[in-house]
Amino acid sequence: MRLLTHNMLSCNIKGVTKGFPLSIEVQKLDTKETDFNPDFLRNIIPKLEWKAFHDAAVSVGLNDIPEQVDPVMLEYTEFLQKFHHALLEVHLEEGALICPETGRRFPVTKGVPNMLLLEDEV
Amino acid sequence: MKLKQLESMLGDVSQFAKPKIDLEQYPTGPHIASRMVYMAENSFGDISGKVVADFGCGCGTLGIAAALLEASYVVGVDIDYQALEMAQTNMEELEVEMELVLDNIQDLSWRGPVVDTVIMNPPFGTRRKGADMEFLSAALKHVQRGALRDLKAKTAEVLCELRYDLPASYKFHKKREVDIAVDLWRFTI
């Protein structure tokens with residue numbers, strides 16, 4: 001699971017109103033190189049919850065993502081490369097995603113988050 | 001990439017070893033998968049450079065097709081972990097990246113308008129009535145924030161009729177292979 005996916009997922013248990021962002025518990029990370037595409041990065045920024053992305057980056061050990069994003073940064077290749085790496089190249093292989101409201105753990109196994117709910121959670 | 005080339009590459013995608021009838025698991029063959037995704041890209045520009053989700057991805061055929069046509073980010077969702085393991089193997093085989101999420105399409109709650117395009121070969125609702133509409137409704141809900149109203153698509157059109165070349169997959173299938181005429185739909189919001 002990469003951080004763009006993390007930025008989309010929220011806890012879907014019935015009755016939960018603040019199920020986003022899920023906090024990340026890391027057991028194992030992996031890094032896989034992908035093509036650098038500045039246009040894609042510029043287009044995706046307005047769709048991200050930046051704070052959640054920043055915090056997620058910190059929890060996978062990346063401390064070079066600024067707390068706030070400024071349009072001017074989009075002109076800097078150095079920033080875009082760091083952003084690219086954090087968003088698209090770091091994979092959470094083993095660990096868990098934790099609901100901020102209920103503390104429910106959604107395990108991540110072999111890179112796949114298990115968001116399936118139990119019967120009493122639907 | 002040409003259509004023929006895409007179809008041939010998708011020929012390497014392995015399908016369900018033991019399909020589950022309650023989930024209406026049927027393979028999306030290379031013929032139909034390549035035509036669906038190729039048309040989405042060539043006629044509408046819905047794939048290349050986009051965030052694409054494959055709902056009920058099964059072994060990952062459509063998502064992989066999207067990745068081959070240069071989608072920037074592909075997320076496949078399925079309720080069946082074994083199908084996702086197969087999808088993982090297929091991704092490695094074809095050397096593409098795709099995110100996989102284990103979830104029930106009905107319970108999906110994704111934040112915001114991250115996904116540009118949802119592609120899917122949903123269940124037809126032959127086992128559980130209405131399963132097809134649940135998939136459609138989830139897809140429309142997740143391509144744009146606030147589209148929570150029931151099936152409030154701006155446009156819905158049948159693009160073409162395709163031949164769903166379905167090999168015998170279950171014991172109750174008496175013929176070796178049947179061609180089913182299916183429609184390819186496109187919805188926009």
(Q) Check which residues have an amide H placed less than 5 Å from A:THR109's amide H, if you skip close sequence neighbours. (A) A:ASN114
Q | Crossing angle, helix A:50-59 versus chain A [Cα axis fit, 0-90 degrees, rounded to tens] | A | 80 degrees
(Q) Over the range B:3-149, what is the relative contact order in percent, taking alpha-carbon pairs closer than 8 angstrom and at least six residues apart? (A) 24 percent
Q: Give a residue-ordered list of calculated ³J(HN,Hα) values for the range A:80-91 (Karplus: 6.51 cos²θ - 1.76 cosθ + 1.60, θ = phi - 60°; whole Hz; x for Gly, Pro).
A: 4, 5, 5, 4, 4, 4, 5, 6, 10, 10, 8, 10
(Q) For a quick check: with amide H placed at 1.01 Å from N, whose amide H comes under 5 Å from B:ARG111's, ignoring anything fewer than 5 positions away on the same chain? (A) A:LEU9, A:SER10
Q) Given H placed 1.01 Å from N in the peptide plane, which residues other than close sequence neighbours of B:LYS50 have an amide H under 5 Å from its amide H? A) B:SER72, B:TYR73
Q. When you count, for each residue, the other Cβ atoms within 10 Å and take the mean per peptide, how do A:57-63, B:172-178, A:16-22 rank with the highest first?
A. A:16-22, A:57-63, B:172-178
**Q.** the range B:20-165 - charge dipole about Cα centre, Lys and Arg +1 at Cβ, Asp and Glu -1, debye rounded to 20
**A.** 740 debye
Q: At a Cα cut-off below 26 Å, give the lysines reachable from A:LYS32, other chains included and same-chain residues fewer than 8 away excluded.
A: A:LYS47, A:LYS51, A:LYS82, A:LYS110, B:LYS50
**Q.** Environment charge at B:MET9 (Cβ cut-off 12 Å; Lys +1, Arg +1, Asp -1, Glu -1)
**A.** -2
Q. So what's the back-of-envelope 222 nm ellipticity for chain B, counting only DSSP H runs of four-plus at -39500 (n - 2.57) apiece and dividing by all residues, rounded to 500?
A. -9500 deg cm²/dmol
**Q.** Highest to lowest packing among B:131-141, A:95-105, scored as the average C-beta count within 10 Å
**A.** B:131-141, A:95-105
Q. Other chains near B:75-81: what is the mean number of their Cβ atoms within 10 Å of each residue's Cβ?
A. 2
Q | Dipole of the protein assembly as shown, positive end: most advanced residue of B:LEU68, B:HIS142, B:VAL158 [Cβ charges, Cα centre] | A | B:VAL158
Q. Considering only A:HIS91, A:SER10, A:VAL58, whose Cα is most displaced toward the positive end of the charge dipole of chain A, charges sitting on Cβ of Lys, Arg (+1) and Asp, Glu (-1)?
A. A:SER10
Q: Convert each backbone phi in the range B:117-130 into a coupling constant with the Karplus relation 6.51 cos²θ - 1.76 cosθ + 1.60 (shift: θ = phi - 60°), then list the ³J(HN,Hα) values in order as whole Hz, x for Gly and Pro.
A: 9, 10, 10, 6, 10, x, x, 8, x, 7, 9, 10, 4, x
Q) Which percent, nearest 5, of DSSP beta bridges in chain B are antiparallel? A) 50 percent
Q) Per residue of B:102-115, how many C-beta atoms from partner chains lie within 10 Å of its own C-beta, taken as a mean? A) 6
Q: Using the Karplus curve 6.51 cos²θ - 1.76 cosθ + 1.60 with θ = phi - 60°, work out ³J(HN,Hα) for each residue of the range A:107-122 in order, rounded to whole Hz, and write x for Gly and Pro.
A: x, 10, 10, 6, x, 10, x, 9, 9, 5, 9, 7, 3, 7, 9, 7
Q: Before rounding to the nearest 500, sum -39500 (n - 2.57) across all DSSP H runs of length at least 4 in chain A and divide by the residue total; then give [θ] at 222 nm in deg cm²/dmol.
A: -6000 deg cm²/dmol
**Q.** Peptide A:6-15, shielding by other chains (average Cβ, 10 Å cutoff)
**A.** 4
Q: Would you tally the net charge around A:GLN68, using a Cβ to Cβ cut-off of less than 15 Å, leaving A:GLN68 out, and scoring K and R as +1, D and E as -1?
A: -3
Q: Over chain B, with every protein chain in place, what whole percent of the accessible area is carbon and sulfur at 1.4 Å, could you tell me?
A: 49 percent
Q: Output the antiparallel fraction of DSSP beta bridges having both residues in the protein assembly as shown, as a percent to the nearest 5.
A: 70 percent
**Q.** Percentage relative contact order, chain A, counting C-alpha pairs under 8 Å, at least six apart
**A.** 39 percent
Q) About its Cα centre, how strong a charge dipole does chain A have in debye, to the nearest 20, once Lys and Arg get +1 and Asp and Glu get -1 at the Cβ? A) 280 debye
**Q.** Å² of accessible area per residue within chain A, as computed with a 1.4 Å probe and no ligands counted
**A.** 51 Å²
Q | Given charges at Cβ of Lys, Arg, Asp, Glu: the range B:3-149 dipole, positive-most of B:PHE44, B:LEU84, B:VAL101 | A | B:PHE44
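The values are calculated or read from the model by the stated rules, or taken from the named source; none is laboratory data. All of these numbers come straight from a predicted model, not from anything done at the bench. Note that each Cβ is placed from the backbone with ideal geometry, even for glycine, and that neighbours are counted across all protein chains shown. Surface areas here come from the heavy atoms of the whole protein model, side chains and all, with no ligands, DNA or RNA. Shrake-Rupley method; radii C 1.70, N 1.55, O 1.52, S 1.80 Å.
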